[in-house]
Amino acid sequence: VITPPKIRAMLRALDHRPGRAPTLKKHAVAMAFVLALRTGMRAGEICGLTWDRVHADYCTTPHKTGRTAASLRRVPLPPKARRVIERMKGVHPLLVFNVTAASLDALFRRHRDAAGLDGFTFHDTRHTAATRLAPKVDALTLCKIFGWARTDQALTYYNPTASDIAARLAA
């Protein structure tokens with residue numbers, strides 16, 4: 001899990017400023033980083049995201065493995081994720097982020113190293129997102145969000161206390 005101080009340092013290294021439209025590739029990488037932290041999307045899914053697959057409150061992406069080519073995963077977009085995508089409008093007519101997965105990875109590593117950070121990769125945003133989302137949804141919903149076929153993958157992140165469960169039952 002990427003800690004909040006490391007997230008802030010990484011965003012500073014990528015010259016991220018909330019509300020500013022991206023003008024450089026490193027800004028697009030920063031935006032992809034924020035989207036990944038909010039949704040758990042993989043780098044390849046983010047880099048391959050096209051405008052026709054972005055909807056009001058979700059986006060679609062092909063399942064990674066084990067499903068038919070026509071099968072799409074629907075990724076919910078919370079408000080902050082929607083704002084990230086909204087700021088990408090006008091950057092490219094087809095691709096939301098207009099950066100390849102290889103370029104995203106290289107730029108991410110370069111800026112992480114330049115900031116003196118270590119111990120995490122872009123893919124760790126997926127684990128960070130799952131950890132953040134697990135207390136907000138049930139295990140089956142977490143599976144649906146992340147495209148997991150097996151519930152044991154969600155149970156790694158879903159660890160409510162007895163008090164958490166009692167509060168849910170009282171609601």
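So the values come out like this:
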{"item": "Residues (open to solvent by 30 Å² or more (accessible area, probe 1.4 Å) and touching a residue at least 24 places away in the same chain (Cβ under 8 Å)) located in the stretch 120-136", "result": "H123, D124, H127, T131, R132, L133, P135"}
{"item": "Conditions (1) in contact with a Phe, Trp or Tyr (Cβ under 7 Å, 6 or more places away or on another chain); (2) without any contact (Cβ under 8 Å) to a residue 40 or more places away in the chain: number failed by V96", "result": "(2)"}
{"item": "Options V34, V29; residue that is hydrophobic (A, V, I, L, M, F, W, C), closer than 24 Å to V1 by Cβ and touching a residue at least 60 places away in the same chain (Cβ under 8 Å)", "result": "V29"}
{"item": "Of residues in the stretch 92-118 being in contact with a Ser or Thr (Cβ under 9 Å, 6 or more places away or on another chain) and outside any helix (DSSP H, G or I), the one farthest from A13 (Cα to Cα)", "result": "L94"}
{"item": "Matching residues, the stretch 7-54, being at pLDDT below 95 and crowded, with 20+ Cβ neighbours inside 10 Å", "result": "P22"}
{"item": "Total residues in the stretch 106-126, condition farther than 13 Å from K6 by Cβ and within 14 Å of the chain's Cα centre (by Cα)", "result": "2"}
{"item": "Residue match in the stretch 41-52 (condition: farther than 28 Å from A134 by Cα, among the charged types (D, E, K, R), free of Cβ contacts under 8 Å to residues at least 40 places away in the same chain and part of a helix (DSSP H, G or I))", "result": "yes"}
{"item": "Members of the stretch 80-91 that are part of a helix (DSSP H, G or I) and of a type in the set (V, I, T)", "result": "V84, I85"}
{"item": "Candidate set: the stretch 137-151, residues that are in contact with a helix residue (DSSP H, G or I) (Cβ under 8 Å, 6 or more places away or on another chain) and surrounded by 13 or more Cβ atoms within 10 Å (Cβ to Cβ); chosen: the one nearest to R74 (Cα to Cα)", "result": "I145"}
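The values are calculated or read from the model by the stated rules, or taken from the named source; none is laboratory data. Quick caveat, the model's predicted, so the values are computed rather than measured. Glycine gets a Cβ as well: all are built from the backbone with ideal geometry, and neighbour counts include every protein chain shown. All accessible areas refer to the heavy atoms of the entire protein, side chains included, with ligands and DNA or RNA removed. Shrake-Rupley method; radii C 1.70, N 1.55, O 1.52, S 1.80 Å.
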